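Undergrad: Take this structure first; my questions come after.
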Amino acid sequence: MKEKRDGNRSTHAGMPHYCNMRKISKKVKRYVAAHKITSIVLLVAIGGIGYFAYGKLFPETEPTKYVLGRAMRGNVIVSVTGTGQISASDQIEMKPKVSGDIVWIGAAEGRDVTTGQALFRLDSTDIEKNVADAEISLREAQLQLERNVIQAPIDYQKKVRSLTDAKEDLSAEYINAFNAVSDAYLKIPAVMTSLENAIYGTDLGGSSGQWNVNIYKGLFSNEGNRDTVASFSDIAIKDYGDARALYDEAFAKFKTFTRSSSKEEIESFLETTYNMADMVSRATKSEKNLIDTVIDIAGQEKKTLDSYVSSAQSELNSNVTVSNGVLSSLLSQKTSLKKMKDSVVDIGHEIALLEINNPNGDNPIDLQAQKNNLEKQKNDLADLKAELADYTVYAPFSGTVATVNVKNGDSVSAGTSLATLITRQKIAEISLNEIDAAKVKVGQKATLTFDAVDGLSASGEVASVDTLGTVSQGVVSYTVKIGFDVEDERIKPGMSVNASIVTDVSENAIIVPNAAIKTQGNRSYVEIAEASGDNRVAFSPQGTELPALPRAQIVETGLSNDSVTEIVSGLNEGAFVVTRTILPTGTDSNQQAPSLLSGVGTRGGSGTRMMVR
């Protein structure tokens, strides 16, 4: 009874706690009934805090958005800027841009000259030859490109037809392989029967029933000769046993081998049959060696042999020819089949290369490279012609020649003062740092604006660049003189002037916003996006979701300015490029992204996977 009472106390041990919970629940209900408004406010507050806490602990996952730009045709203008004053001086030094010998002088002291008039000419024989050679090379490249543009789709179609022909030839080769295997099993059985009889036949044993091979071993009384025959006999027995095992196994498979067997089965069984035929050929040679040795020793011992031995020798000679012929045929078939398979694969790879960024096959990579090279040759020729023009010194504006400092035949260097020109035209003197000054050349166009005259803009041209710089507090600066293209009475000497000098221009180039260019090591790349729906949404600062993840594309860049960059190669006109990635709220957008150019990577916290193509 004591154990029962103890059990009851154990069973109801939680009752006091349960009763307390019921009392608390009743008190809460009475409080809520008496203070309904206060209770509602408390419940709302508790719910709000819970919702806020849940939102912090379990934030909703937002999609990564992308702001896009587009690759388009346009001009890239690169310029340097500087400030200075309108010069009160009315003279300028005439200086060549290149070095050389003076071969002609068209200026004289006191003579009036006009803007663009030729005043000096330097010997340009070498540069003229370079220009002529470049023109010939360019014409040849253009002709070659025209030919290749026509030839490219023809070559592509030839490759496609070659692939079709190669596949047909390969199918025919599998039929030839089947025939070669079948032919082997027509010839090898007779060889195997002959090999068995030569060793295990009883032609020499007669009524004793001894195997021929045992008779061979006991033919000679000389112990050395018996050992020699025994050695050849053991080799022949072993090789025949190996050949018989392979033959029996292969012949069993041959019974299920048909023309409808798969290509894989035909190729596999061709290898099996070849290995079997190789072993049969070896066994045939071993037995022939045995018989030849028996006959040779019998001749040495003046021993007369049964006529069967010479008959067996003749039959084995024939078997050697048959087995070697079968083996050669199977080897040839193996080689031919592999060659055909390799040809199909190789042509397929060649077509794949032709179709890179070129599904129609009419603009393969090598043709694209030729087009790029042709553009480079055009640019090189333009540079040579510009250099050739530098061998003639022209008057930058109208005026009077005050002094001429050289004579015909003199050797001069770039920056040498050839003459002094006095002019009534206004000149802007601009100060540039050494980095910007290195980019400025005589003849470059410039745009001038003035602090004192709101809205006034004037065009001009660089007339001279200081050869020697001026050092002030450790900073080197160079004075650039710019002649005005027009006269305006509002422009006075001493006025402050701002100049923007165009140092380089790339016309009709493929350009993208600077923000689209990313770098990894010494390589540049852009992220190409597939936009869908209303493409205008993609250019919104708020970005848009993409139907597919961006992919990284390596590009070659050219000129760039404050807003756009030229794409020399690697990107087609019209492509959408990512200029900004908007990561989900709460994602660490400063997280270092791994290299996209190593194959595959993730970007920021968005989990975007990139593949270089």
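The values are calculated or read from the model by the stated rules, or taken from the named source; none is laboratory data. Everything numeric here is computed off the predicted structure, so don't read it as measured data. Using ideal geometry, Cβ is built from the backbone for each residue, glycine included, and neighbour counts are taken over all protein chains shown.
Undergrad: Pairs under 9 Å by beta carbon, first residue not assigned by TED's automatic domain parsing to the domain that holds Val181 in the range 296-324, partner among the basic types (Lys, Arg), six or more apart or different chains?
TA: none
Undergrad: Suppose we keep only residues that are within 54 Å of the chain's Cα centre (by Cα) and of a type in the set (D, E, K, R) within the range 378-409. Which one would you say is farthest from Gly110 (Cα to Cα)?
TA: By that ranking, first place goes to Lys378.
Undergrad: Now, a different point. Which one is farthest from Ile86 (Cα to Cα) among residues in the range 399-424 that are surrounded by fewer than 19 Cβ atoms within 10 Å (Cβ to Cβ) and modelled with pLDDT under 85?
TA: Here the answer is Gly415.
Undergrad: Check whether at least one residue in the range 205-224 is under 30 Å from Arg259 (Cβ atoms), modelled with pLDDT of 90 or more and surrounded by fewer than 15 Cβ atoms within 10 Å (Cβ to Cβ), and report yes or no.
TA: For the range 205-224, residues under 30 Å from Arg259 (Cβ atoms), modelled with pLDDT of 90 or more and surrounded by fewer than 15 Cβ atoms within 10 Å (Cβ to Cβ): absent.
Undergrad: Against the condition part of a loop (DSSP other than H, G, I, E, B), within 30 Å of Gly399 (Cα to Cα) and in contact with a Pro (Cβ under 9 Å, 6 or more places away or on another chain), how does Val486 come out, does it pass?
TA: Judged against the criteria, Val486 is not a match.
Undergrad: Could you go through the range 433-454 and let me know if any residue there is among the polar types (S, T, N, Q) and either touching a Lys or Arg at 6+ places or on another chain (Cβ under 8 Å) or over 30 Å from Gly74 (Cα atoms) (or both).
TA: no
Undergrad: Now for a different question. Being surrounded by fewer than 16 Cβ atoms within 10 Å (Cβ to Cβ) and without any contact (Cβ under 8 Å) to a residue 24 or more places away in the chain is the filter; apply it to the range 356-365 and report the residue that is farthest from the chain's Cα centre (by Cα).
TA: Pro359
Undergrad: Another question, if that's okay. Test Ser261 against the criterion of being out of contact with any Leu (no Cβ under 7 Å at 6 or more places or on another chain) and part of a helix (DSSP H, G or I), and give yes or no.
TA: no
Undergrad: Can you give me the number of residues within the range 246-293 that are more than 48 Å from the chain's Cα centre (by Cα) and either outside the structural domain of Val229 (by TED's automatic domain parsing) or closer than 23 Å to Ala312 by Cα (or both)?
TA: Going through the range 246-293 one residue at a time, the tally reaches 16.
Every residue, every condition in (1) modelled with pLDDT of 80 or more; (2) surrounded by 14 or more Cβ atoms within 10 Å (Cβ to Cβ); (3) assigned to a loop (DSSP other than H, G, I, E, B), yes or no:
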residue: Thr557; (1), (2), (3): yes, yes, no
residue: Glu566; (1), (2), (3): yes, yes, no
residue: Pro594; (1), (2), (3): no, no, yes
residue: Thr602; (1), (2), (3): no, yes, no
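Undergrad: Next question. Can you name the condition, by its number, that Arg490 falls short on among (1) over 21 Å from Ile422 (Cβ atoms); (2) over 49 Å from the mean Cα position of the chain (by Cα); (3) without any contact (Cβ under 8 Å) to a residue 12 or more places away in the chain?
TA: Here Arg490 clears every test but (3).
Undergrad: Then there is this: Filter the range 355-386 down to the residues that are closer than 23 Å to Val98 by Cα and among the aliphatic types (A, V, I, L, M) and list them by number.
TA: Across the range 355-386, the qualifying residues are Leu381, Ala382, Leu384, Ala386.
Undergrad: Quick check on this structure: which one of Val480, Val471, Val462 is hydrophobic (A, V, I, L, M, F, W, C) and closer than 23 Å to Leu559 by Cα?
TA: On inspection, the qualifying residue turns out to be Val462.
Undergrad: Taking into account only those residues within the range 366-382 that are over 15 Å from Val568 (Cβ atoms) and surrounded by fewer than 13 Cβ atoms within 10 Å (Cβ to Cβ), which is modelled with the highest pLDDT?
TA: Ala382
Undergrad: Follow-up. Assess whether Ile501 counts as being of a type in the set (A, V, I, L, M), crowded, with 20+ Cβ neighbours inside 10 Å and within 30 Å of Glu387 (Cα to Cα).
TA: The answer is yes for Ile501.
Undergrad: Can you find, within the range 127-156, the residue that is farthest from the chain's Cα centre (by Cα) among those that are of a type in the set (Asp, Glu) and surrounded by 11 or more Cβ atoms within 10 Å (Cβ to Cβ)?
TA: Glu128
Undergrad: Also, I was wondering about something else. When you scan the range 236-257, do you find a residue that is surrounded by fewer than 19 Cβ atoms within 10 Å (Cβ to Cβ), touching a Ser or Thr at 6+ places or on another chain (Cβ under 9 Å) and under 27 Å from Leu219 (Cβ atoms), even just one?
TA: Yes, the range 236-257 contains at least one residue that is surrounded by fewer than 19 Cβ atoms within 10 Å (Cβ to Cβ), touching a Ser or Thr at 6+ places or on another chain (Cβ under 9 Å) and under 27 Å from Leu219 (Cβ atoms).
Undergrad: How many residues are surrounded by 15 or more Cβ atoms within 10 Å (Cβ to Cβ), within 28 Å of the chain's Cα centre (by Cα) and part of a strand (DSSP E or B) when one looks only at the range 63-81?
TA: Final tally of qualifying residues: 8.
Undergrad: Still on this structure, please answer the following. Let me confirm something: among Leu456, Leu388, Leu432, which residue is surrounded by fewer than 20 Cβ atoms within 10 Å (Cβ to Cβ) and farther than 21 Å from Leu119 by Cα?
TA: Of the residues listed, the single one that is surrounded by fewer than 20 Cβ atoms within 10 Å (Cβ to Cβ) and farther than 21 Å from Leu119 by Cα is Leu456.
Undergrad: Assess whether Glu267 counts as being surrounded by 15 or more Cβ atoms within 10 Å (Cβ to Cβ) and touching a residue at least 60 places away in the same chain (Cβ under 8 Å).
TA: Spelling it out, Glu267 is indeed surrounded by 15 or more Cβ atoms within 10 Å (Cβ to Cβ) and touching a residue at least 60 places away in the same chain (Cβ under 8 Å).
Undergrad: Could you say whether any residue in the range 295-312 is of a type in the set (D, E, K, R), assigned to a helix (DSSP H, G or I) and more than 60 Å from the chain's Cα centre (by Cα)?
TA: Yes, there is a match, as at least one residue in the range 295-312 is of a type in the set (D, E, K, R), assigned to a helix (DSSP H, G or I) and more than 60 Å from the chain's Cα centre (by Cα).
This table checks each residue for (1) among the polar types (S, T, N, Q); (2) modelled with pLDDT of 85 or more; (3) more than 19 Å from Lys97 (Cα to Cα).
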position	(1), (2), (3)
Lys426	no, no, yes
Leu432	no, yes, no
Val440	no, yes, no
Gly443	no, no, no
Thr449	yes, yes, yes
Ser457	yes, yes, yes
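Undergrad: When the range 498-523 is examined, which residues are found to be at pLDDT below 90 and either touching a Phe, Trp or Tyr at 6+ places or on another chain (Cβ under 7 Å) or in a loop (DSSP other than H, G, I, E, B) (or both)?
TA: Listed by number, the residues that qualify are Gly521, Asn522.
Undergrad: Has the range 465-477 got any residue that is among the small types (Gly, Ala, Ser), buried (at least 20 other Cβ atoms within 10 Å of the Cβ) and on the phi < 0 side of the Ramachandran plot?
TA: No, the range 465-477 has no match at all.
Undergrad: Taking the criterion of being over 30 Å from Phe484 (Cα atoms) and small (Gly, Ala, Ser), would at least one residue in the range 100-122 satisfy it?
TA: no
Undergrad: Among the candidates Lys159, Lys187, single out the residue that is more than 20 Å from Ser307 (Cβ to Cβ), in contact with a Leu (Cβ under 9 Å, 6 or more places away or on another chain) and in contact (Cβ under 8 Å) with a residue 60 or more places away in the chain.
TA: Lys159
Undergrad: Looking at Asp306, Asp296, can you tell me which residue is under 13 Å from Leu219 (Cβ atoms) and either touching an Asp or Glu at 6+ places or on another chain (Cβ under 8 Å) or hydrophobic (A, V, I, L, M, F, W, C) (or both)?
TA: Asp306
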